[in-house]
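J.: First the structure, which I've put down as structure tokens, then a few questions once you've had a look.
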Amino acid sequence: MDLLRAKIDDLASLMEEFKLGEAEWCGPGWRIAFQRKAPTPPAVHTAPVAGEAAYALTDAAGGAIEAEVNEAAPEMVGSPLNSPMNGIFFTAASPTAPPFIKEGDEVTVGQVVGLIEAMKFFNEITAHTSGRVLKMTAENGDLVQLGQTLMIIG
């Protein structure tokens, strides 16, 4: 138990020393993981002005922070093509080859639209629906995760 306590103390000290948000330490038969709590958000004070909204934020030191209100992005109509696995997404068969597809291209069901490299194997990613590629949400060389949207086809 003392050895475990020492490992926990060591990891906590390293997190503090290097200002880490999370840390993990593993060994044979054990694993310790820490994740720092998110800081408390700054206080928000609002002062409405006739006809428009104004926002004043203060940081932890009490200084004013400018804030902009962004309009909601228009909802993308189409069908997302999600990654079937974790890996590295490629838009072309090789660095010198042209991309399989790009935004605006028409695709058909079963057409290869990219590759995902996982464990040294290249897996073809095919279109699940026919239509136009409305948006590429993953770029060449991106690390993607299972279920992550690669593109929108509509």
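The values are calculated or read from the model by the stated rules, or taken from the named source; none is laboratory data. Values in this document were obtained by computation on a predicted structure and should not be read as measured data. Cβ atoms come from the backbone with ideal geometry, glycine included; neighbour counts cover every protein chain shown.
J.: In segment 95-103, is there at least one residue being part of a strand (DSSP E or B) and in contact with a Gly (Cβ under 7 Å, 6 or more places away or on another chain)?
T.: So far as segment 95-103 goes, no, none of its residues is part of a strand (DSSP E or B) and in contact with a Gly (Cβ under 7 Å, 6 or more places away or on another chain).
J.: In segment 90-149, which residues are exposed (fewer than 14 other Cβ atoms within 10 Å of the Cβ), of a type in the set (A, V, I, L, M) and under 21 Å from residue 78 (Cα atoms)?
T.: The answer is 109, 112, 146.
J.: A further question on this structure: Anything in segment 104-146 that is among the β-branched types (Val, Ile, Thr), assigned to a loop (DSSP other than H, G, I, E, B) and in contact with a strand residue (DSSP E or B) (Cβ under 6 Å, 6 or more places away or on another chain)? List them, or say none.
T.: The answer is 129, 137.
J.: Is segment 44-51 home to any residue that is of a type in the set (Gly, Ala, Ser) and either surrounded by 10 or more Cβ atoms within 10 Å (Cβ to Cβ) or modelled with pLDDT of 60 or more (or both)?
T.: no
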